[in-house]
Amino acid sequence: MKETFIPNATCLACNARIDAATSFYGDHAPESGDVTICFYCGHIMIFREGMRLDNLNKEEAYKIAGDRQILRVQHMRGEIIKKRKS
């Protein structure tokens, strides 16, 4: 896994500061068109040019609907949050 610093980013849903992105695909750094998930609230966003976060448009949302990797990350995020609360 590779962690990449993300300058000046906040979640578009919960306004949490997002200072890094971790790739589950080895040495891949995020680039324009990559999907990311807010760890705090689970909101799904996409990186645009200049590492700017944006909401997915309708076509992008349809493209990733049911994506197993995204579902897996959402599940793992939920499990971590549950454990932190207990």
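Quick note: the coordinates plus some simple rules give every number you see, no bench work behind them. These figures come from a predicted structure and were not determined experimentally. Here the Cβ positions follow ideal geometry from the backbone for every residue, glycine too, while neighbour counts run over all protein chains shown.
Within the range 24-40, is there a residue that is touching an Asp or Glu at 6+ places or on another chain (Cβ under 7 Å) and either touching a residue at least 60 places away in the same chain (Cβ under 8 Å) or not β-branched (Val, Ile, Thr) (or both)?
Scanning the range 24-40 turns up at least one residue that is touching an Asp or Glu at 6+ places or on another chain (Cβ under 7 Å) and either touching a residue at least 60 places away in the same chain (Cβ under 8 Å) or not β-branched (Val, Ile, Thr) (or both).
Which residues, counting only those in the range 40-78, are surrounded by fewer than 11 Cβ atoms within 10 Å (Cβ to Cβ) and closer than 23 Å to Thr4 by Cα?
Those that are surrounded by fewer than 11 Cβ atoms within 10 Å (Cβ to Cβ) and closer than 23 Å to Thr4 by Cα: Glu49, Gly50, Arg68, His75.
So, in the range 1-23, exactly how many residues are in contact (Cβ under 8 Å) with a residue 12 or more places away in the chain, in a loop (DSSP other than H, G, I, E, B) and farther than 19 Å from Arg68 by Cα?
5
Would it be correct to say that Ser23 is surrounded by 12 or more Cβ atoms within 10 Å (Cβ to Cβ) and polar (S, T, N, Q)?
Yes.
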